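Beneath this line is the structure, given in structure tokens, with notes to follow.
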Amino acid sequence: MKILYITNTYPVKNIGTPIVQSVVDAYKRIYPTDDVCLFIARIGNDQPNLIFKIIELVKLKNKQFDIIHFHFGGIYVLLLYVFLKFNNTKSKFVITYHGTELHGRANSKGLKKIWIYLNRIASLNLIKIADRNEVVSENLLNSIPSNVLGRYRAKIYSIALGVDYERYYPIDKVIAKQQLNLDFNTKYILFGYGSKSLIKRIDKAYKILDIVNSVGGTNYELLIMTGVENSVVNYFYSACEFVLITSDAEGSPNIVKESIATNLPIYSMNAGDIWTYLSQIPNSLKLSSDVDAAAQQILNQKDSVLFNSRDFFRNQIELSNYIENQRNNYKYILNEDAIY
């Protein structure tokens, strides 16, 4: 099977695109005989310039893939779909939507807000022409207008991404802090990817910890994990007391699954599908969206009980299971055309 993965997420030097790169790496490891390629539809950072990107894309266009799978919808997918479709008429097109491109919420203003709006319009039209559409959490189905969802429901699926258990695992806290050169007396609280995005509400995270430290006399400090090389990611999770999520909106953030795989407690406001996991994790907290109330919840939280979330959720979130299911999905749409 020949598969092309395409993503527009920002590449970072020595890191690639963490979510999609993990999927591609795991797929190659599990099914080494399949021909799997990754195209990053971005320029900048350590990526080749626009001319080289176009040359790379033209070469891929002529390769005749069985499956072309886009991650993250939007205008870029619509343009690439038109470009690739002409020479890949037999290819099946799959699109995975992660959040903003469907719910359209990003607390942005001006041109950025207009761009997000146009991305959402493009995504809703892509649902109509793609062979298979996937959302990373059930709640994202609510972001699709009822007329679109009703008409194309047969080719829209809710499939959460997994986490690579060979890459994410718990490490002794002392060793983790040593590796990151962190202070042993400070209690670090993890704040995850995209901390510069307004929708992640890092401002709330800082306010909550300020209140907790002031009232409770604790020494919590936010440890921001963004642009981190894969070789040290586990140290970030294992060096912290819990992960703090204060987002206004999410899809199905992988930081939750990565925290589960590393046995890190999760303190989160209600966004995306996060609370569906927290209902089953006794040492995590469902935080109020009000900063003062959330701080009080953390102050009231007694010492965390030990809970092996890694083993408890393994069958549900391990990436190898996602890959196996996804390959079966590919085989299905290649073997027969569904009628919508």
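Check ILE189, ILE202, ILE156 and return the single one that is modelled with pLDDT of 90 or more, farther than 27 Å from GLN296 by Cα and hydrophobic (A, V, I, L, M, F, W, C).
From the options ILE189, ILE202, ILE156, the qualifying one is ILE156.
What do you reckon, is GLN316 of a type in the set (S, T, N, Q) and either at pLDDT below 90 or in contact with a Gly (Cβ under 7 Å, 6 or more places away or on another chain) (or both)?
Taking the combined requirement at face value, the residue does not satisfy it.
Determine if the stretch 20-30 includes at least one residue that is part of a loop (DSSP other than H, G, I, E, B), at pLDDT 90 or above and among the β-branched types (Val, Ile, Thr).
The answer is no, given that none of the residues of the stretch 20-30 is part of a loop (DSSP other than H, G, I, E, B), at pLDDT 90 or above and among the β-branched types (Val, Ile, Thr).
Given the conditions (1) without any contact (Cβ under 8 Å) to a residue 40 or more places away in the chain; (2) surrounded by fewer than 16 Cβ atoms within 10 Å (Cβ to Cβ); (3) part of a helix (DSSP H, G or I), report the number of the one that ASP183 does not fulfil.
(3)
Among the residues of the stretch 127-138, is there at least one that is closer than 30 Å to TYR277 by Cα, among the basic types (Lys, Arg) and touching a residue at least 60 places away in the same chain (Cβ under 8 Å)?
Yes, because at least one residue in the stretch 127-138 is closer than 30 Å to TYR277 by Cα, among the basic types (Lys, Arg) and touching a residue at least 60 places away in the same chain (Cβ under 8 Å).
Name the strands (runs of 3 or more DSSP E) wholly inside the stretch 234-340 in which the number of residues that are under 18 Å from the mean Cα position of the chain (by Cα) and either over 30 Å from ALA130 (Cα atoms) or not assigned by TED's automatic domain parsing to the domain that holds LYS204 (or both) is 2 or more.
240-245, 266-269
Can you tell me which of (1) without any contact (Cβ under 8 Å) to a residue 60 or more places away in the chain; (2) surrounded by 15 or more Cβ atoms within 10 Å (Cβ to Cβ) is the one LYS204 doesn't meet?
(1)
The values are calculated or read from the model by the stated rules, or taken from the named source; none is laboratory data. Quantities reported herein were computed from a predicted structural model and do not represent experimental measurements. Every residue, glycine as well, gets a Cβ built from its backbone with ideal geometry; the counts of neighbours run over all protein chains shown.
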